[in-house]
Each structure stands twice: as structure tokens, then as C-alpha cells.
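Novice: Okay, handing you the structure first.
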Amino acid sequence: MTSESTRPLRPRRSCLAVPGSSQKFIDKARTLDSDQVFLDLEDACAPLAKPGARKTIVAALNEGGWGEKARVVRVNDWTTEWTYRDVTEVVEGAGANLDAIMLPKVQTPQQVVALDLLLTQIEKTMGYEVGKIGIEAQIENALGLTNVNEIATASRRVETIIFGPADFMASINMKSLVVGEQPPGYDVGDAYHHILMSILMAARAHDKQAIDGPYLQIKDVDGFKRVAGRSAALGFDGKWVLHPGQIDAANEVFSPSQEDYDHAENILDAYEWFTSEAGGKRGAAMLGDEMIDEASRKMALVISGKGRAAGMQRTDKWTPPEA
């Protein structure tokens, strides 16, 4: 049984949305360099197309060819008539080749518990490893945000907390039709800051990943980078992408620069040496003109972890001073 402490930490800089009803888009998604792909049974699927899309998704997952991508399926939310069939058909048919289920419009922790229980029943019935399939919880309205801490801890399966901006904007009557951009008339700071920080705090408090939602102006790559940079600066792990042209931008924005990555690795190496017997067992030391200590090590671990997950290689390596 997969426990919370053994859940894999998957890179999710770029999370590609793919309509589950489109074989053409599914085939294209296999060739793209996104960290994650989620095959969508919710908004990207018309109601009459959902039954056929489930079968298309099962076949696509079982056919493979996804490389190192995290394989996720977004089902419909629990207030609809489709959720049960989405989960049972997809997981029974392709659970061995599925990493996580994304649950949209999560409002209460009980909705996560319900999905957990259903997944457990299917895993036991089908002979899958119990607990292997993760849950991604999407926050899309005010009630979900007020319950985000409880949602993050509702199941050991929860891997990510996702901001769903379009539905959230509608749920609070925000005066904007451009998803992710500041509403007209709001000229003091960032209208999304509280939402993003609430999701980020819940994620970090409980060792989950925080994922930003989509930017709908798919041809405006500069706009995508600007909005993605906002959540990346706070500490988010990645962002949805709706178009192949957004993937490279997301991978770049949510990866450290080469300079920062090298510096972080050097801090870790230097701190390990300075705190050792050979380095004088010092709790604080100088790395060039910079003082480093335990707090420096913790910050460096974050940057180095993101760089390693992105497959970055060092171009500079610190060496201990000669005796």
C-alpha cells in the first residue's frame, strides 16, 4: 500500500490539458515535452461525447508512449451524474497505467474522501496496488478555498492543490472576462494574491504541490510568462498549459536559472563541508561574500530540488579551500 511518505514527487512544471474525446490531440500530446498530461472528461468534453471519451482515454493510457510524463485524468465533479462512471470505467480499464485522478470543483474534504473510497474499492477489486493512484484537488470557488487546508489532508492520495481561475472568478463575481488578468478597476496590488497564497500555504503545510491554472490567451506567450511568473515567484510548482506553445514557457518559468541552480548546489556542498569535522564544525561560514547557515541550506534545497527535477546539470562546482 502506498503511504503518504512514499508518494512519488512528480515534476509538474507544465500540465498539459488534452480533450479526452480527441484522438488527434491525444496523439499529439504524446510527442510534447510537458511534465504532465491530463486527459479531460470535464469542460473539454461535451456531455454527449463523455461516454465515448472514457473509452478513448482507457485505450490511450493502455497503449502507452507517454514517456516520463505524469498521466492524469480529470473526471467530472461530484455534483454531476458523470463522476461515478468516469472513475469506474477509467480506473478499472486503465488503472495500471494511470498516475492520478484530478477532481474538479472540490468544495469539501468529504468529496476527496468519497473519491479515495471509490478508488480503494476499485483497486482491491482489480488487484491494483492500493493507494497507488493519486488525487489532484482543484479549487474553483469560495467554499473550496475556505476549506483548502482540510481538503489537502482529506486523503493520503492528495498530491496537488490546483487553482481553477475561470470558475473561481465566476463564483465570486469578479468583474473580468480575461482569465488570469487583473479585473478592471482593481489598481492596488494583485487581485489573486490571497487565493494563490492560501492554496500555496495549504500545499506547503502538508507537503503537497501547488499548481496554477490556465492562461486562456494561448497566442500571447509573453502574457503567459508574466502571469506564470507571478505564481512561480511565490513558490508554485507549475501551471496548466492549453497549447503546445505554452509548454516551453512553463518549463522555463518554473525551473531555476542556471546561475541560481549552480549557486544552490554550491551552498549545499559548502555547508556540508563547513559543518563537518574537516571544515571545522561551523554552523555559519562564508561562501565568497555571502554568509551561509542552516537557513541558507533549506532555501538551497528548494532550488536544487527544482533543478534536479528539471534534469539540470551543474556548470560550476564549489571545492573546499586548501588547508
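The values are calculated or read from the model by the stated rules, or taken from the named source; none is laboratory data. Quick caveat, the model's predicted, so the values are computed rather than measured. Heads up, the Cβs are rebuilt from the backbone with ideal geometry, glycines too, and the neighbour counts pull from every protein chain shown. Quick note on the areas: whole protein, heavy atoms, side chains included, nothing else; ligands and nucleic acids left out. Shrake-Rupley method; radii C 1.70, N 1.55, O 1.52, S 1.80 Å.
Novice: Tell me, which residue of the stretch 215-251 that is surrounded by fewer than 24 Cβ atoms within 10 Å (Cβ to Cβ) and polar (S, T, N, Q) is farthest from Arg7 (Cα to Cα)?
Specialist: Gln217
Novice: Give the residues of the stretch 183-214 that are in a loop (DSSP other than H, G, I, E, B), farther than 11 Å from Ile161 by Cα and either at pLDDT 95 or above or open to solvent by 10 Å² or more (accessible area, probe 1.4 Å) (or both), sorted by residue number. Walk me through how you get there before you give the answer.
Specialist: As a first pass, look at the stretch 183-214 and keep what is in a loop (DSSP other than H, G, I, E, B): 183-192, 206-208, 213-214.
Next, from what is left, pick out any that are farther than 11 Å from Ile161 by Cα: 183-192, 214.
Across the stretch 183-214, the qualifying residues are Pro183, Pro184, Gly185, Tyr186, Asp187, Val188, Gly189, Asp190, Ala191, Pro214.
Novice: Hey, can you tell me all the residues within the stretch 43-62 that are part of a loop (DSSP other than H, G, I, E, B) and surrounded by fewer than 22 Cβ atoms within 10 Å (Cβ to Cβ)?
Specialist: Within the stretch 43-62, Asp43, Ala44, Ala46 qualify.
Novice: Here's something else I'd like to know. Residues that are farther than 30 Å from Val18 by Cβ: find the strands (runs of 3 or more DSSP E) completely inside the stretch 226-323 holding 3 or more of those. Full working, then the answer.
Specialist: Values: elements: 238-241, 285-287, 290-292.
So the answer is 285-287, 290-292.
Novice: Here is a follow-up. Please work out if Thr315 is more than 28 Å from Ala233 (Cβ to Cβ) and hydroxyl-bearing (Ser, Thr, Tyr). Lay out the reasoning, then the answer.
Specialist: On the way: more than 28 Å from Ala233 (Cβ to Cβ): no; hydroxyl-bearing (Ser, Thr, Tyr): yes.
No.
Novice: For the stretch 268-278, name all the residues that are in contact (Cβ under 8 Å) with a residue 40 or more places away in the chain, surrounded by 16 or more Cβ atoms within 10 Å (Cβ to Cβ) and not aromatic (Phe, Trp, Tyr). Spell out the reasoning first.
Specialist: Filtering the stretch 268-278 for residues in contact (Cβ under 8 Å) with a residue 40 or more places away in the chain gives 269-270, 273, 278.
In the following step, the residues that additionally are surrounded by 16 or more Cβ atoms within 10 Å (Cβ to Cβ) were identified as 269-270, 273.
Within the stretch 268-278, Asp269, Ala270 meet the criteria.
Novice: Could you pull out the residue among Asp33, Asp40 that is open to solvent by less than 60 Å² (accessible area, probe 1.4 Å), of a type in the set (Asp, Glu) and modelled with pLDDT of 95 or more?
Specialist: Every option except Asp40 fails the conditions.
Novice: Hey, another quick one. Within the stretch 279-299, is there a residue that is of a type outside the set (Lys, Arg) and in contact (Cβ under 8 Å) with a residue 40 or more places away in the chain?
Specialist: Taking every residue of the stretch 279-299 in turn, at least one turns out to be of a type outside the set (Lys, Arg) and in contact (Cβ under 8 Å) with a residue 40 or more places away in the chain.
Novice: Something else about it: Identify, please: which residue in the stretch 162-182 is of a type in the set (Val, Ile, Thr) and either touching a Leu at 6+ places or on another chain (Cβ under 7 Å) or outside any loop (DSSP other than H, G, I, E, B) (or both) and is, among those, farthest from Ile139 (Cα to Cα)?
Specialist: Looking only at the stretch 162-182, we keep the residues that are of a type in the set (Val, Ile, Thr), and these are 162, 172, 178-179.
Restricting the remaining residues to those that are either touching a Leu at 6+ places or on another chain (Cβ under 7 Å) or outside any loop (DSSP other than H, G, I, E, B) (or both) gives 162, 179.
On the way: Ile162: 6, Val179: 15 Å.
My answer is Val179.
Novice: Okay, moving on. Taking the condition open to solvent by 80 Å² or more (accessible area, probe 1.4 Å) and aliphatic (A, V, I, L, M), does Met286 pass? Even if it seems obvious, please write down each step before you answer.
Specialist: On the way: open to solvent by 80 Å² or more (accessible area, probe 1.4 Å): yes; aliphatic (A, V, I, L, M): yes.
Yes: the conditions hold for Met286.
Novice: How many residues, within the stretch 63-105, are open to solvent by less than 40 Å² (accessible area, probe 1.4 Å), assigned to a helix (DSSP H, G or I) and not β-branched (Val, Ile, Thr)?
Specialist: 4
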